[in-house]
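Below you'll find the structure, written out as structure tokens, and then a few comments.
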Amino acid sequence: MKGTICMKKVITYGSFDLFHEGHYNLLKNAKALGDTLIVGVTTEHYDAYRGKLNIVDPLITRMDNVRGSGFADEIIVEDHEGQKLSDIQKYGIDIFTVGADWRGEFDYLKDYCEVTYLERTHGISSTLLRNERKGIVRMGIAGSGRIADRFASETKYVSGLSVPAVYNPHIDSARSFAGRRGVALFMDDYDKFLGEADAVYVATPHETHYGYAKRAILAGKHVLCEKPMVLCEAQARELFDLAQARGVILMEAVKTAFLPAFLNLLAIAKSGRIGHVRDVESAFTRLMPDENRGREFTPGTGGSFTELGSYPLLPVIKILGLNYTDVRFESFTDENGLDIYTKAHFKYDGAIATSKTGLGVKSEGQLLISGTRGYILVQSPWWLTQSFEVCYEDVQQNERFFAKYEGFGLRYELADFVRAVGDAKERNFKMSAADSVAMAGIMEKFLAQRPVQ
Ligand code: CTP
């Protein structure tokens, strides 16, 4: 054999969002490791899957920028986990490389090729540039209970956001939350608290949502409000009208509405794949020991439907729409007249739906969407959807879909909220004003027919 030339093939991957000097240096050094450089650029979908939200540049722009560096011999798209290994085999890769921020993460590839971690360029990152572009949204947290705690833990996964202050009328609760979560300011004066924030996450008891949200909007602050936002349609309309007039974002935090698998499910349900949807049945029940009974049992506004109903109502209105022709409720109540189990029956033209909520009755927490060609089944707990099945008469045709979410799943609604604050033009179709107004209207109808004891 005449002199064989050993060409070394190098591969690297990244989002390459808002292409910067760090990316340029990385590509240059990666190219210098061998003769041919292949660069894998991640899709937005894959970035969202691995918890990287808020990517600014479209895939095409990011690929163009990598090409523009002049170091890449070939550019490919990375769209799923496990692709790196198959790429190494497919392209006959000799060296896999990424920045040193990933040190150790890809050692498992050493069985297949050389793995090299390159020094990062200091003082620059896409995250930094995204923050500079949009500015940081200072998000105050009103309320310091369990959901606020979870929320605070998720904020660090969304770029463009800081949490400068927490509010609670009980200063001791605010203080201990601030200590626990590393929040600089804790306050029991709501107006002062608003002065420290651009946006407010309202995670206070239900009956106080309206007041806190309204004061925040009137002060020109964006509001992300826990569910149920309000329990009366007129109040919901008023808040959205006010928000529009003040030019601020108001969004109801129904986290399931923003989860990747739920969005996938909606797309499939509405695509006609299971034919015409004739029935939506969803349930959310939670039993709790007597000693843990809290706000769920508040006379007047407590009970299973107001407490839990936002979840099972979500697929009903997202799939069948807002124009139901009738809604009827059946409940069991406790000694205070609070419903411990409620079935809401909806009628639509050509479809029906049922929502079940329980604080004193336990049921299977599944979502079942029945159509003229098949059905979609999401196993309990469906509101934390990560996978679902699409089933047909012929079981051979059944399909299973997966789309995992990270952490408590709150980061997805939060990322959408921050994006909406940065770009008011972005239409929020996942949980729109109309959706929230409809939900408040259903809650109101339920409360109006509840027997007073
Ligand atoms: N990189 C680097 N130096 C930097 C930033 C990134 O060497 N200052 C490298 C990363 O280690 C990775 C590649 O560039 O190998 C693509 O990284 P990417 O995640 O797209 O860039 P980041 O700026 O780190 O993005 P983010 O802030 O979104 O994490």
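The values are calculated or read from the model by the stated rules, or taken from the named source; none is laboratory data. Given the structure is predicted, the values throughout are model-derived calculations rather than measurements. Note that each Cβ is placed from the backbone with ideal geometry, even for glycine, and that neighbours are counted across all protein chains shown.
Observations on the model:
- Residue in region 307-318 that is assigned to a loop (DSSP other than H, G, I, E, B) and surrounded by fewer than 21 Cβ atoms within 10 Å (Cβ to Cβ) present: no
- Given (1) away from the ligand (no atom under 15 Å from the Cβ); (2) touching a residue at least 60 places away in the same chain (Cβ under 8 Å); (3) charged (D, E, K, R), number of the condition E81 does not satisfy: (2)
- Residue count for region 166-188, restricted to those that are without any contact (Cβ under 8 Å) to a residue 12 or more places away in the chain and in contact with a Phe, Trp or Tyr (Cβ under 9 Å, 6 or more places away or on another chain): 2.
For (1) more than 30 Å from I136 (Cα to Cα); (2) in contact (Cβ under 8 Å) with a residue 40 or more places away in the chain; (3) not polar (S, T, N, Q), each residue gets a yes or a no:
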{"site": "K214", "(1), (2), (3)": "no, no, yes"}
{"site": "H222", "(1), (2), (3)": "no, yes, yes"}
{"site": "C232", "(1), (2), (3)": "yes, yes, yes"}
{"site": "I249", "(1), (2), (3)": "no, yes, yes"}
{"site": "A267", "(1), (2), (3)": "yes, no, yes"}
{"site": "R278", "(1), (2), (3)": "yes, yes, yes"}
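- Yes/no for G358 being under 28 Å from the mean Cα position of the chain (by Cα), touching a residue at least 24 places away in the same chain (Cβ under 8 Å) and at positive phi: no
- For region 313-333, the set of residues classified as closer than 16 Å to F446 by Cβ and over 28 Å from the mean Cα position of the chain (by Cα) consists of D326, V327, R328, F329, E330, S331, F332, T333, listed by residue number.
- Scanning region 118-138 for residues that are exposed (fewer than 14 other Cβ atoms within 10 Å of the Cβ) and within 8 Å of the ligand (Cβ to nearest atom) gives E119, H122, G123.
- Selection over region 222-240 of residues that are closer than 14 Å to M439 by Cα and of a type in the set (V, I, T) gives a count of 1.
- Of the residues making up region 19-41, those that are closer than 12 Å to R62 by Cβ and either near the ligand (Cβ under 8 Å from one of its atoms) or polar (S, T, N, Q) (or both) are H20, H23.
Residue-by-condition table, conditions (1) within 18 Å of the chain's Cα centre (by Cα); (2) crowded, with 17+ Cβ neighbours inside 10 Å; (3) of a type outside the set (D, E, K, R):
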| site | (1), (2), (3) |
| --- | --- |
| S144 | no, yes, yes |
| I147 | yes, yes, yes |
| S153 | yes, no, yes |
| K156 | yes, no, no |
| S159 | yes, yes, yes |
| A165 | no, yes, yes |
| G179 | no, no, yes |
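- Every condition in (1) under 30 Å from I376 (Cα atoms); (2) touching a residue at least 60 places away in the same chain (Cβ under 8 Å) holds for S271 except the one numbered (2).
- One residue from G68, G22, G34 being touching a strand residue (DSSP E or B) at 6+ places or on another chain (Cβ under 7 Å), at pLDDT 95 or above and of a type in the set (G, A, S): G34
- Region 90-117, residues that are among the aliphatic types (A, V, I, L, M) and within 11 Å of the ligand (Cβ to nearest atom): V98, A100
- Filtered residue count, region 322-336, keeping only those that are modelled with pLDDT of 95 or more and in a loop (DSSP other than H, G, I, E, B): 4
- Which numbered condition G294 misses (of (1) at pLDDT 95 or above; (2) surrounded by fewer than 24 Cβ atoms within 10 Å (Cβ to Cβ)): (1)
- Meets criteria (touching a residue at least 12 places away in the same chain (Cβ under 8 Å), surrounded by fewer than 18 Cβ atoms within 10 Å (Cβ to Cβ) and not in a helix (DSSP H, G or I)) for M288: yes
- Of all the criteria given as (1) assigned to a loop (DSSP other than H, G, I, E, B); (2) surrounded by 17 or more Cβ atoms within 10 Å (Cβ to Cβ); (3) at pLDDT below 95, the one not satisfied by H80 is (2).
- Just one of the listed residues (F71, F96) is among the hydrophobic types (A, V, I, L, M, F, W, C), part of a loop (DSSP other than H, G, I, E, B) and touching a Leu at 6+ places or on another chain (Cβ under 9 Å), and it is F71.
- Members of region 391-432 that are part of a helix (DSSP H, G or I), among the aliphatic types (A, V, I, L, M) and more than 17 Å from the chain's Cα centre (by Cα): V395
- Those residues of region 42-72 which are within 24 Å of G82 (Cβ to Cβ), small (G, A, S) and either crowded, with 18+ Cβ neighbours inside 10 Å or near the ligand (Cβ under 10 Å from one of its atoms) (or both), in sequence order: A48, A72
- Scanning region 242-263 for residues that are within 24 Å of F151 (Cβ to Cβ) and not hydrophobic (A, V, I, L, M, F, W, C) yields R246, E252, K255, T256, P260.
- For region 207-245, a tally of residues being crowded, with 24+ Cβ neighbours inside 10 Å and of a type in the set (G, A, S) returns 3.
- A count restricted to region 29-62 and to residues that are in a helix (DSSP H, G or I) and without any contact (Cβ under 8 Å) to a residue 24 or more places away in the chain stands at 5.
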